[in-house]
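Student: The structure's right below; bear with me while I get my questions together.
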């Protein structure tokens, strides 16, 4: 199995190199068996049973340059396999720079992404399992 | 030690071979699909700034699109959101948020859309069965149930993108090239 993973990782390395090529937000849930390698990075993943994974990748614009300008607010809520809330606001470039400098606008966006609620959970009676993130990268 | 390994291999074979045969039989009974052709249900939607496709497939499903390229044996559900890339620079952020909230997806005719050359900005996948992945995010194999929610933008994208998917399955999305500064 290790040899298989190494081979898959090597193929991935040949295909894509080491850096993320896109701005990516992922939320994934697996129940069963999974043996995969990421094509955005050089990482591999082996799951047997139940696993949940949430991550973001912010690429550089070019080699040896800063990460792309980004102002983003995310609200992800998950309970089980089917009850998933996936809400994102993403702005890039000049718009991101303007938004990141204005706290009121950021608060408005956060409120909109959370559906007017104070937190990320979709219903008051439901259990809270929230993840919020604000990225301001220049 | 060798005897133990042989027993393990026999146990694995006893579980996986019938499972594989059952899935292959299911494929033969239910049929198979390649992209939008074959035994599949594909519906098209659009709102003010985005297109959306919803696809359900039972049996074997081969996708050649970069977002979900691979093969699924079992059940596959794919929802993809594509940008129209409208550039209404007169819109303020508040107006854009309001527009996104008010602009529900409406089902459209298949012939009105050609999304072959577009890359989705976001997609939602559910696979039950065996899946071979060779897509823009991962390569490998999975068996069982897999749910994946993805937002993926090009590094040269300049603008604003919103995607809201709620637990009841409703989806709202909005894209703008630029916004008026408030």
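Student: Name the single residue, out of those in the range A:79-101 being facing another protein chain (nearest Cβ under 9 Å) and farther than 22 Å from residue B:153 by Cβ, that is surrounded by the fewest Cβ atoms within 10 Å (Cβ to Cβ).
Tutor: Once the filter is applied, the top-ranked residue is A:82.
Student: Can you pull out every residue in the range B:165-180 that is in contact (Cβ under 8 Å) with a residue 24 or more places away in the chain and at the interface with chain A (Cβ under 7 Å from one of its Cβ atoms)?
Tutor: B:165, B:178, B:179
Student: Need at least 2 residues that are modelled with pLDDT under 85 per element, so show me which strands (runs of 3 or more DSSP E) inside the range A:54-138 make the cut, counting only ones lying wholly within it.
Tutor: By residue number, A:130-137.
Student: Follow-up question, since we're still on this one. So which of B:13, B:33, B:76 ends up being modelled with pLDDT under 85 and not in a loop (DSSP other than H, G, I, E, B)?
Tutor: After applying the criteria, what remains is B:13.
Rundown of residues vs (1) in contact (Cβ under 8 Å) with a residue 60 or more places away in the chain; (2) part of a loop (DSSP other than H, G, I, E, B); (3) more than 7 Å from chain A (Cβ to nearest Cβ); (4) within 12 Å of the chain's Cα centre (by Cα), yes/no style:
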residue: B:124; (1), (2), (3), (4): no, no, yes, yes
residue: B:127; (1), (2), (3), (4): no, no, yes, yes
residue: B:133; (1), (2), (3), (4): yes, no, no, no
residue: B:139; (1), (2), (3), (4): no, no, no, no
residue: B:144; (1), (2), (3), (4): no, no, no, no
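Student: From the list A:28, A:41, pick out the single residue that is closer than 24 Å to residue A:87 by Cα, facing chain B (nearest Cβ under 8 Å) and without any contact (Cβ under 8 Å) to a residue 40 or more places away in the chain.
Tutor: A:28
Student: Can you tell me how many residues within the range A:104-124 are without any contact (Cβ under 8 Å) to a residue 12 or more places away in the chain, closer than 14 Å to residue B:94 by Cα and either more than 10 Å from every other protein chain (Cβ to nearest Cβ) or exposed (fewer than 14 other Cβ atoms within 10 Å of the Cβ) (or both)?
Tutor: 3
The values are calculated or read from the model by the stated rules, or taken from the named source; none is laboratory data. The structure displayed is predicted, hence computed values, not measured ones. Using ideal geometry, Cβ is built from the backbone for each residue, glycine included, and neighbour counts are taken over all protein chains shown.
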